[in-house]
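A.B. asks: First the structure, which I've put down as structure tokens, then a few questions once you've had a look.
The values are calculated or read from the model by the stated rules, or taken from the named source; none is laboratory data. This structure is a prediction, so every number in the text was calculated from the model and none was measured. Positions of Cβ are backbone-derived with ideal geometry, glycine not excepted, and every protein chain shown enters the neighbour counts. Surface areas here come from the heavy atoms of the whole protein model, side chains and all, with no ligands, DNA or RNA. Shrake-Rupley method; radii C 1.70, N 1.55, O 1.52, S 1.80 Å.
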Amino acid sequence: MIGIVSDSHDNLKAIDKAVEFLKRSKIELLIHAGDVVSPFAAVKFNEIGCKVIMVFGNNDGERRLLSEKVKEIYELAEFEYKGKSFAVYHGTIRAVTRALVKSELYDIVISGHTHKPEITNNGKTLFINPGELCGYLTGKKTLCLLDLEEMHAKIVEI
């Protein structure tokens, strides 16, 4: 199981709640699609005890220190995991997100930025936006669980 979050925006209460939920869900990989914002918030995700991959968002300010605290943080992450190809991009430029999805080069494309949860199938590509973990704009703190074996994703409100 993979946990996917985005737009946590230093909301430590929401992050702590998500960390506990994701621990109980026994995820093996956490993907953060940007706007964690501060290094002190980013390191909280290490408490899950699994591999963490993050991308920078438009509100991530202390990039040098974030890079020191998070082993894998990128502008755009491309990787393979359990036979599936991933692209993770915060989504600041919507045309880039659309191009990643429409290219069908990836099995899974993940973005954030809009704060709106979305799961859609586009040809061979599953697109996931987990919504906002912080809950600041929508009032809903959401994340996504992805079962790679079933290629099934679901949005969870915490």
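A.B. asks: For residues that are of a type in the set (Gly, Ala, Ser) and in a loop (DSSP other than H, G, I, E, B), scanning just segment 101-144, find the one that is surrounded by the fewest Cβ atoms within 10 Å (Cβ to Cβ).
C.D. replies: Residues of segment 101-144 of a type in the set (Gly, Ala, Ser): 103, 111-112, 123, 131, 135, 139.
Those left that are additionally in a loop (DSSP other than H, G, I, E, B): 111-112, 123, 131, 135, 139.
Numbers: SER111: 28, GLY112: 31, GLY123: 9, GLY131: 27, GLY135: 20, GLY139: 7.
Out of the qualifying residues, it is GLY139.
A.B. asks: Scan ASP16, ASP35 and give me the residue that is in contact with a helix residue (DSSP H, G or I) (Cβ under 8 Å, 6 or more places away or on another chain), of a type in the set (D, E, K, R) and either farther than 21 Å from GLU80 by Cα or open to solvent by 20 Å² or more (accessible area, probe 1.4 Å) (or both).
C.D. replies: Sole residue among the options that is in contact with a helix residue (DSSP H, G or I) (Cβ under 8 Å, 6 or more places away or on another chain), of a type in the set (D, E, K, R) and either farther than 21 Å from GLU80 by Cα or open to solvent by 20 Å² or more (accessible area, probe 1.4 Å) (or both): ASP16.
A.B. asks: Being touching a helix residue (DSSP H, G or I) at 6+ places or on another chain (Cβ under 8 Å) and either of a type in the set (Val, Ile, Thr) or closer than 17 Å to GLY34 by Cβ (or both) is true for just one of GLU132, GLU78, GLU62. Which residue is that?
C.D. replies: Of GLU132, GLU78, GLU62, the one residue that is touching a helix residue (DSSP H, G or I) at 6+ places or on another chain (Cβ under 8 Å) and either of a type in the set (Val, Ile, Thr) or closer than 17 Å to GLY34 by Cβ (or both) is GLU62.
A.B. asks: Turning to a different aspect of this structure: Given the conditions (1) at pLDDT below 95; (2) open to solvent by less than 60 Å² (accessible area, probe 1.4 Å), and given that GLU149 satisfies all but one, which numbered condition is not satisfied?
C.D. replies: Against the list (1) at pLDDT below 95; (2) open to solvent by less than 60 Å² (accessible area, probe 1.4 Å), GLU149 comes up short only on (2).
A.B. asks: Given the conditions (1) free of Cβ contacts under 8 Å to residues at least 60 places away in the same chain; (2) within 25 Å of LYS140 (Cα to Cα), and given that ASN122 satisfies all but one, which numbered condition is not satisfied?
C.D. replies: For ASN122, the failing item is (2).
A.B. asks: In segment 80-91, which residues are assigned to a loop (DSSP other than H, G, I, E, B) and surrounded by 17 or more Cβ atoms within 10 Å (Cβ to Cβ)? Quick ask: steps written out before the conclusion?
C.D. replies: Filtering segment 80-91 for residues assigned to a loop (DSSP other than H, G, I, E, B) gives 82-83, 90-91.
Within segment 80-91, HIS90, GLY91 meet the criteria.
A.B. asks: Please work out if LYS69 is crowded, with 16+ Cβ neighbours inside 10 Å, of a type in the set (Lys, Arg) and touching a residue at least 24 places away in the same chain (Cβ under 8 Å). So that I can check it myself, show each step before the final result.
C.D. replies: Numbers: crowded, with 16+ Cβ neighbours inside 10 Å: yes; of a type in the set (Lys, Arg): yes; touching a residue at least 24 places away in the same chain (Cβ under 8 Å): yes.
Considered against the rule, which asks whether it is crowded, with 16+ Cβ neighbours inside 10 Å, of a type in the set (Lys, Arg) and touching a residue at least 24 places away in the same chain (Cβ under 8 Å), LYS69 comes out as yes.
A.B. asks: Count, please, the residues in segment 111-158 that happen to be within 22 Å of ARG98 (Cβ to Cβ) and of a type outside the set (Val, Ile, Thr).
C.D. replies: Within segment 111-158, residues that are within 22 Å of ARG98 (Cβ to Cβ) and of a type outside the set (Val, Ile, Thr) number 22.
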